[in-house]
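See structure below.
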Amino acid sequence: LRSLRELNLSGCGQFASWPADAGQLGALEKLDLGGTSLKALPERFGSGLRSLRELNLSWCYRFASWPADAGQLGALKKLDLVGTSLKTLPERFGSGLRSLRELSLSDCGQFASWPVDAGQLEALEKLDL
């Protein structure tokens, strides 16, 4: 799986946890987990996913926690968190995602707190709240 560039698990309602060690997916550029039963991602989610450019977690209704240490996702350009149960993003959210261009947080009815370092999202072109 070392050459895998896209992985689509969208709509897999029984998919509830991402493997803590997904190090063999170093070439992965697009990951679609929309509509799964994920509640959270492992704390070291970004480790081994340095090529990831797009991450879709839309309509993961149970998803309520973004990993505090996802700073390894430096190549991430598009993050879709529409319809999740996120209440807040970690304080250091912006410092690890400086390449992020699109961030979607619409229909997150419980979202109430913006990260302190959001100003570090210097490449952000589109913000959907």
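The values are calculated or read from the model by the stated rules, or taken from the named source; none is laboratory data. Bear in mind the structure is a predicted one, so any value in this text is a computation, not a measurement. Every residue, glycine as well, gets a Cβ built from its backbone with ideal geometry; the counts of neighbours run over all protein chains shown. Accessible surface is based on the protein model in full, side chains and every heavy atom, while ligands, DNA and RNA are left aside. Shrake-Rupley method; radii C 1.70, N 1.55, O 1.52, S 1.80 Å.
Annotations
- Unique match (being within 14 Å of the chain's Cα centre (by Cα), closer than 21 Å to Leu1 by Cβ and open to solvent by less than 30 Å² (accessible area, probe 1.4 Å)) among Leu81, Leu55, Leu25: Leu55
- Inspection of the stretch 31-47 identifies no residue that is surrounded by fewer than 19 Cβ atoms within 10 Å (Cβ to Cβ), out of contact with any Ser or Thr (no Cβ under 6 Å at 6 or more places or on another chain), modelled with pLDDT of 90 or more and closer than 18 Å to Lys78 by Cβ.
- Any hit, the stretch 30-50, residues being of a type in the set (Gly, Ala, Ser), touching a Lys or Arg at 6+ places or on another chain (Cβ under 8 Å) and farther than 18 Å from Gly83 by Cα: no
- Qualifying residue in the stretch 62-69 (condition: more than 23 Å from Arg2 (Cβ to Cβ), in contact (Cβ under 8 Å) with a residue 24 or more places away in the chain, crowded, with 18+ Cβ neighbours inside 10 Å and acidic (Asp, Glu)): no
- The residue that is most open to solvent (accessible area, probe 1.4 Å), among those in the stretch 90-119 that are under 17 Å from Arg62 (Cβ atoms) and not polar (S, T, N, Q), is Asp107.
- Residues of the stretch 13-22 that are under 22 Å from Thr88 (Cα atoms) and loosely packed, with under 15 Cβ neighbours inside 10 Å: Ala16, Ser17.
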